[in-house]
Amino acid sequence: MSLNHAPRASARTTRLIGRLDEIADGYDAVLCDLWGCYHDGIRPFPAAVAALTSYRARGGIVVLLTNAPRPPASVARFLDAMGAPKDSYDAIMSSGGACQRAIASGTLGRRFHYVGPERDRHMLAEIGFDDTPAAQADAILCTGFEDDTRQTPADYDPHIASWRARGLRLVCANPDIVVDRGHERLWCAGAIAQRYAEAGGEVIWFGKPHRPTYEQSMALVAELAGREIAPERVLGIGDGILTDVKGALDFGIDALFVSGGLAAAEVGADPDHPDAARLGNWLAERGQSPQFAIGRLR
């Protein structure tokens with residue numbers, strides 16, 4: 001997973017841990033990524049579910065913070081369908097939900113051309129918007145690839161040229177570049193948005209690592225707790241080094257990097273137990289220094 005952000009200098013040594021409960025007492029709430037941490041797009045990871053369920057049993061709050069380009073209720077249905085137990089989390093915050101709210105406000109335009117898979121077309125319909133042909137649109141709403149099993153970012157270059165020529169802004173409901181579904185790596189909306197930005201187009205981003213996502217998440221944590229929770233008492237968990245980790249650190253909360261997700265092949269042969277030296281070098285190359293790392297959430 002990569003985003004078009006410059007790396008920053010590493011500021012600390014990342015502590016490699018074996019279990020979440022080694023550090024759990026230091027935090028009142030966690031913001032946990034879904035794809036690659038909680039599930040693989042097909043089924044939940046039993047160890048991750050057990051870790052979060054145990055954390056909640058100790059009084060911790062779990063918000064599943066995802067760059068899924070759909071509202072939280074849709075994400076919840078997706079989790080239910082794969083058998084994810086409801087007692088493993090308290091609430092869901094999604095980039096798609098934040099994107100929907102912004103579109104509904106009317107501040108981003110009134111006529112949107114939809115780009116993405118058929119399953120997410122409801123993003124516009126649910127809030128009373130129609131899919132407008134690109135030639136008449138005020139903006140593009142991108143939730144992903146029409147067919148993420150066959151298409152590549154280059155397939156969208158002719159569309160990008162046309163959108164750029166008309167000066168359309170692109171609203172990106174998922175800033176992730178890639179995601180792993182089972183053993184298959186798939187492109188996400190962020191790949192199209194990044195290509196559009198590189199072509200000189202204007203992109204409005206929703207989701208991690210962008211600050212509004214964390215502001216909304218902290219407000220949700222406070223609502224669930226019935227009181228304000230200090231940032232130093234919140235832990236961000238994720239496998240996206242420039243989304244989950246960068247977003248948490250930039251906002252001022254600690255980060256637990258799940259190295260056995262997207263970076264698994266680069267930090268050791270065993271995704272459950274990363275090679276400490278390789279992991280350290282990999283993090284340094286990307287200019288990120290999370291407080292903690294773990295092979296798989298457990």
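We did not get these values from a lab; they are worked out from the coordinates using the rules stated. The shown structure was predicted, so the numbers you read here are calculated from the model rather than taken from an experiment. All Cβ positions, even for glycine, are placed from backbone atoms using ideal geometry, and neighbour counts span all protein chains on display.
Taking 0.36 nm per residue of separation and subtracting the current Cα-Cα distance, fully stretching the chain between T13 and A135 would add 38.8 nm. The relative contact order of the chain comes to 24 percent, based on Cα pairs under 8 Å that sit 6 or more residues apart. Given the options S105, A255, P117, identify the residue whose Cα lies farthest towards the positive end of the charge dipole of the chain (+1 on Cβ of Lys, Arg; -1 on Cβ of Asp, Glu). Result: S105. Think of it as helices only: each DSSP H run of n ≥ 4 in the chain is worth -39500 (n - 2.57), and spread over all residues that comes to -8500 deg cm²/dmol at 222 nm.
Charge dipole (Cα centre; +1 on Lys/Arg Cβ, -1 on Asp/Glu Cβ; no other charges) of region 101-205 amounts to roughly 320 debye.
Amide H contacts for H39 (H built 1.01 Å from N in the peptide plane; partners 5 or more residues away or on another chain; cut-off under 5 Å): F45.
Put simply, the convex hull of the Cα atoms in region 98-241 casts, on average, a shadow of 10.2 nm².
Arranged from fewest to most other beta-carbon atoms within 10 Å of their beta carbon, T53, T132 become T53, T132. Taking Cα atoms only, the orientation of helix 95-104 departs from the longest principal axis of the chain by about 40 degrees.
With +1 assigned to the C-beta of every Lys and Arg and -1 to the C-beta of every Asp and Glu, and no other charges, what is the dipole magnitude of the chain about the Cα centre in debye, to the nearest 20?
Details: 31 positive and 38 negative charges, 66 e Å.
Dipole size: approximately 320 debye.
Positive-end ranking of G236, A197, A264 along the dipole of the chain, with charges on Cβ about the Cα centre, is headed by A197. Of all DSSP bridge pairs formed entirely within region 101-205, close to 25 percent run antiparallel.
Tell me the relative contact order for region 101-205 as a rounded percent, counting alpha carbon contacts under 8 Å between residues six or more apart. Before the final figure, lay out each step's value.
Values: 183 pairs, mean separation 25.9, N = 105.
RCO, region 101-205: 25 percent.
Residues R298, R211 in ascending order of nearby Cβ atoms (within 10 Å, fewest first): R211, R298. In the chain, the ratio of gyration radius to Kirkwood radius, Rg to Rh, stands at 0.96 when only Cα atoms are counted. Phi angles of region 171-183 translate, via the Karplus equation with coefficients 6.51, -1.76, 1.60 and θ = phi - 60°, into HN-Hα couplings of 9, 9, 8, 8, x, 4, 8, 9, 8, 9, 10, x, 9 Hz per residue; Gly and Pro are given as x.
Output the antiparallel fraction of DSSP beta bridges having both residues in the chain, as a percent to the nearest 5. It would help to have the intermediate numbers written out before the result.
Details: 5 of 39 bridges.
Expressed as a percentage, antiparallel bridges in the chain total about 15.
Taking the beta-carbon count within 10 Å as an exposure proxy, list M82, M218, M123 from fewest neighbours to most. Working shown, then result.
Working: M82 12, M218 21, M123 25.
Listing M82, M218, M123 from fewest to most nearby Cβ atoms yields M82, M218, M123.
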